[in-house]
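The values are calculated or read from the model by the stated rules, or taken from the named source; none is laboratory data. Keep in mind that this is a model prediction, so the values were computed, not measured. Here the Cβ positions follow ideal geometry from the backbone for every residue, glycine too, while neighbour counts run over all protein chains shown. We work out accessible area using only protein heavy atoms, side chains counted, and drop any ligands, DNA or RNA first. Shrake-Rupley method; radii C 1.70, N 1.55, O 1.52, S 1.80 Å.
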Amino acid sequence: MQIRLDGKRAVVTGANSGIGEAIARGLAGAGARVCVNYVVHPEAAEGVVNDITHAGGQAFAAAADVSDGTQVAQLFAAIDRAWGGVDVLVNNAGVDGPRAVGWEYPPDEWRKVLAINLEGAYACAREALRRMIPQRSGVVVNLTSVHEVIPWTGYSAYTASKAGLGMLTKTLAQEAAPHGVRVVAVAPGAIQTPINASVWENPATRADLLSKIPMGRMGQPDDVARMVVVLASEAAGYVTGTTVVVDGGMTLYPSFTHGG
Ligand code: BGC
């Protein structure tokens with residue numbers, strides 16, 4: 001079976017690096033038109049756009065901070081002007097925030113993580129669904145994390161935002177299903193990107209991380225992108241409201257390989 005998204009109008013938030021970049025490239029490779037959203041580093045976004053267009057695809061870059069409602073509205077207005085609507089939204093933009101136990105977490109930083117990861121994803125989903133519901137087609141893919149289910153000391157804001165995004169996915173999926181629109185989540189494990197460079201660049205912390213992954217390797221952005229492409233396509237036409245975990249087994253409690 002071939003996975004194709006020819007002509008589909010897609011927007012990927014945070015698409016100028018890491019997992020989002022791989023998703024933008026993957027969707028374009030399957031034939032979709034892609035809006036490459038970014039906040040900083042416009043040159044990186046233009047690099048992704050150039051690669052896609054040189055390969056014969058269609059893409060444009062659009063700056064917007066998803067935690068700012070006005071900018072989100074402008075992002076979707078730009079997509080309307082370019083393509084007259086949207087078929088695929090990938091809510092990828094996210095931050096993990098500073099590391100601090102909950103009782104020491106700076107409240108403004110805590111709120112900022114929620115504002116980007118959860119409220120930002122909701123704001124984009126709201127705009128996308130208002131366009132998808134009337135056309136009776138479309139897919140929203142939310143990038144959560146293994147920390148949708150695994151607690152993580154020092155990251156209460158991040159884990160709460162990802163667990164919240166998991167339940168937002170299910171509720172929006174229930175609401176949208178009768179209208180022919182799907183809402184799904186993908187939960188990456190430890191994927192080698194800038195967000196966790198400080199961990200994988202250091203041999204000791206890298207070894208610790210690998211001990212948490214039964215498959216014995218970090219994931220690559222394309223490991224996640226391939227699953228997003230499948231979920232966005234008709235190959236997953238009967239899949240909604242669920243989280244697909246892409247983690248090399250990280251959620252399999254590898255510490256139980258021995259003892260117990
Ligand atoms: C985080 C990474 C981390 C991974 C596994 C992801 O959600 O962004 O920094 O390596 O979870 O813990």
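Per residue, the accessible area of segment 1-83 comes to 44 Å², computed with a 1.4 Å probe over protein heavy atoms only. Note on the chain: Cα convex hull, mean projected area over all directions, 14.8 nm². Leaving ligands, DNA and RNA out of it, report the carbon-plus-sulfur percent of the accessible area of the chain at a 1.4 Å probe. Ligands and nucleic acids excluded, carbon and sulfur give 55 percent. Once the 1.4 Å probe is applied to the protein heavy atoms, segment 114-181 comes out at 41 Å² accessible per residue.
About its Cα centre, the chain has a charge dipole of approximately 640 debye under the convention of +1 per Lys or Arg Cβ and -1 per Asp or Glu Cβ, with nothing else charged. Between Ser211 and Glu43, the contour length at 0.36 nm per residue exceeds the alpha carbon distance by 56.9 nm.
Ordering Gln135, Gly20, Gly47 by the projection of their Cα atoms onto the charge dipole of segment 1-149, which places +1 on the Cβ of Lys and Arg and -1 on the Cβ of Asp and Glu, puts Gln135 at the extreme positive end.
If we count every other residue with Cβ under 14 angstrom of Ala235's Cβ, Lys/Arg +1 and Asp/Glu -1, where does the sum land? Within the 14 Å Cβ shell, the charges total +2.
Tell me, how many Å apart are the Cα centres for segment 32-70 and for segment 111-128? Measuring centre to centre over Cα atoms gives 19 Å. In segment 154-260, a dipole from Cβ-located charges (positive for Lys and Arg, negative for Asp and Glu) runs towards its positive end, and of His258, Pro214, Tyr158 it is His258 whose Cα lies farthest in that direction. In summary, the convex hull built on the alpha carbon positions of segment 84-163 has an orientation-averaged projected area of 5.6 nm². The local environment of His179, defined by Cβ-Cβ distances under 13 Å, has a net charge of +3 under the rule Lys, Arg +1 and Asp, Glu -1. Computed over protein heavy atoms with a 1.4 Å probe, the accessible surface of segment 193-260 works out to 60 Å² per residue. Neighbours of Asp68, meaning other residues whose beta-carbon lies under 15 angstrom from its beta-carbon, give a summed charge of 0 when Lys and Arg score +1 and Asp and Glu score -1. Using only side-chain charges placed at the Cβ, +1 for Lys and Arg and -1 for Asp and Glu, the dipole size of segment 92-136 relative to its Cα centre rounds to 400 debye. Have a look at Pro107, Ser145, Val90 and report the one farthest towards the positive end of the charge dipole of segment 87-146, computed about the Cα centre with Cβ charges (Lys/Arg +1, Asp/Glu -1). Of Pro107, Ser145, Val90, it is Val90. Work out, in µm²/s and without decimals, the Stokes-Einstein translational diffusion coefficient of segment 160-226 at 4 °C, 1.567 mPa s, Rh from Kirkwood over C-alpha pairs. D, rounded to a whole number, is 92 µm²/s. Pick from Gly56, Gly18, Gly85: which residue has the top mean-square fluctuation in a GNM of the chain where Cα pairs under 10 Å get a spring? Comparing Gly56, Gly18, Gly85 in the GNM, the peak value goes to Gly56. Here segment 1-97 is treated with +1 on each Lys and Arg Cβ and -1 on each Asp and Glu Cβ, and its dipole about the Cα centre works out to around 380 debye. Loop-located trypsin sites (Lys or Arg not before Pro) in segment 1-96 (DSSP state not H, G, I, E or B) with no more than 16 neighbouring Cβ atoms inside 10 Å: Arg4. With the convex hull drawn over the C-alpha atoms of segment 104-255, the volume per residue is 118 Å³.
Set the Förster radius R0 to 51 Å, insert the Cβ-Cβ distance between Ala235 and Trp103 as r into 1/(1 + (r/R0)^6), and round the FRET efficiency to 0.05. About 0.65, to the nearest 0.05.
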